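Written out below as structure tokens is the structure these notes cover.
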Amino acid sequence: MLVVVPARNRRPLALQAVRSVLDQTYSDLRCLVIDDASTDGTAQALAAVGDPRVEVVVNERPAGASAARNLALAAVKGETWVAFLDSDDLWAPTKLERQLAALAAHPGAGWAATACVNVSVDLDVVHALRMATGGTTGDLHCYGVDQLRPMLAEENVLPAGSTTVMASAALLAEVGGYDTGLTTCEDWDLWARLARHAPLVYVDAPLAAYRIWSGQSSVDVAAFVRDAARVRARHYPELGPLPGSYAARWQMEAGWRYVTARRRGRAAASYLRAAWLGRLPGQLAYALAALVDPAAVHRHLGRAQRRGLLPEGWEDQARAWLSPYRQGPALPP
């Protein structure tokens, strides 16, 4: 098993991420960290971890997360499976074990994903991200090629970007890895290509933590909308251009993330843009509230999201395996 972790100037975050790899119940792995020209000592800190399963490769000049992941894919040494983890996210200890078991139960599947919980910078559980299961029961679901393509038509439905995905090394080599011309949505583009070639098996359990904080590239809504339009045109040209409501929805998402990250000015600006782009006057109230009382916005939206997006028992499960990481160094808001 090859685990790929791209990192740039995220020393405390990357140390936690790599720790979550080394704490896996499935231990036959190689963790390859691609340090993308960090200047904060990320590479040195990871090299000092002292576990032979951790390898650090340093880019002398920043090339971006997609190029870093592709560099790792080019360094596959006979591994059958490749798993991806962003350096600001975390895995539950059984994440790899349960994915491999799911793949063994569905030998025709070429890749796997899991659900995750969104967490704050302090690792408090916010809500969950899940794939649609069509009302079926159980935590294991297999999506055929014919199902996956329409599911991916409007957005990236796989939770937490690359962090929850494991794929066959041979399949990744066949489809060509990440598109380095995309600064966001590169995972969505790759999933659309994988979806043409192999079924996906999905474990509906909170086996990863996707951290919401101000350093996420996905907060850059302008870049996201630009790249989403490119992915849509490339894989679904029959759908036409992105509607204004699409950009508005992501401005609302950005507003929520900025509120969670305690960035009231940026949150208000995002809600104002959502009001304009989507013709949604109700977002003006959120813009004002984000400036005056962002904590109230956070509580209100948090309660709404938890009611609709956090299955019973998931918070307790996630809090249990997240507990050791709460003792780590303070992280930026």
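The values are calculated or read from the model by the stated rules, or taken from the named source; none is laboratory data. As the structure is a prediction and not an experimental result, all values here were calculated from the model. All Cβ positions, glycine included, derive from the backbone under ideal geometry; neighbour counts span all protein chains shown.
Quick one: would you say residue 22 is among the hydrophobic types (A, V, I, L, M, F, W, C), under 22 Å from residue 160 (Cβ atoms) and touching a Cys at 6+ places or on another chain (Cβ under 9 Å)?
Yes: the conditions hold for residue 22.
Looking at the stretch 100-140 only, could you name the residues that are within 20 Å of the chain's Cα centre (by Cα) and free of Cβ contacts under 8 Å to residues at least 60 places away in the same chain?
Matches in the stretch 100-140: 124, 132.
Among 117, 82, 126, which is at pLDDT 95 or above, more than 16 Å from residue 200 (Cβ to Cβ) and part of a strand (DSSP E or B)?
Result of the check over 117, 82, 126: 117.
Being under 27 Å from residue 110 (Cβ atoms), not in a loop (DSSP other than H, G, I, E, B) and not hydrophobic (A, V, I, L, M, F, W, C) is the filter here; which residues of the stretch 51-79 pass it?
55, 66, 69, 70 - these are the residues of the stretch 51-79 that are under 27 Å from residue 110 (Cβ atoms), not in a loop (DSSP other than H, G, I, E, B) and not hydrophobic (A, V, I, L, M, F, W, C).
Name every residue in the stretch 195-214 that is in a strand (DSSP E or B) and not β-branched (Val, Ile, Thr), in order of residue number.
200, 202, 204, 205, 206, 207, 208, 209, 210, 211
With (1) part of a loop (DSSP other than H, G, I, E, B); (2) buried (at least 18 other Cβ atoms within 10 Å of the Cβ) as the list, and residue 155 as the residue in question, which single condition is left unmet?
All conditions are met except number (2).
Scan the stretch 48-57 for residues that are modelled with pLDDT under 95 and either surrounded by 15 or more Cβ atoms within 10 Å (Cβ to Cβ) or in contact with a Pro (Cβ under 9 Å, 6 or more places away or on another chain) (or both) and jot them down.
49 - this is the single residue of the stretch 48-57 that is modelled with pLDDT under 95 and either surrounded by 15 or more Cβ atoms within 10 Å (Cβ to Cβ) or in contact with a Pro (Cβ under 9 Å, 6 or more places away or on another chain) (or both).
Tell me, which helices (runs of 4 or more DSSP H) wholly within the stretch 233-323 include 2 or more residues that are surrounded by fewer than 20 Cβ atoms within 10 Å (Cβ to Cβ) and at pLDDT 80 or above?
Of the helices (runs of 4 or more DSSP H) lying wholly inside the stretch 233-323, those with at least 2 residues that are surrounded by fewer than 20 Cβ atoms within 10 Å (Cβ to Cβ) and at pLDDT 80 or above span 264-278, 282-292, 314-322.
Residue 229 versus (1) touching a residue at least 60 places away in the same chain (Cβ under 8 Å); (2) in contact with a Leu (Cβ under 9 Å, 6 or more places away or on another chain); (3) under 15 Å from residue 250 (Cβ atoms): which is the lone unmet condition?
Among (1) touching a residue at least 60 places away in the same chain (Cβ under 8 Å); (2) in contact with a Leu (Cβ under 9 Å, 6 or more places away or on another chain); (3) under 15 Å from residue 250 (Cβ atoms), the lone unmet condition for residue 229 is (1).
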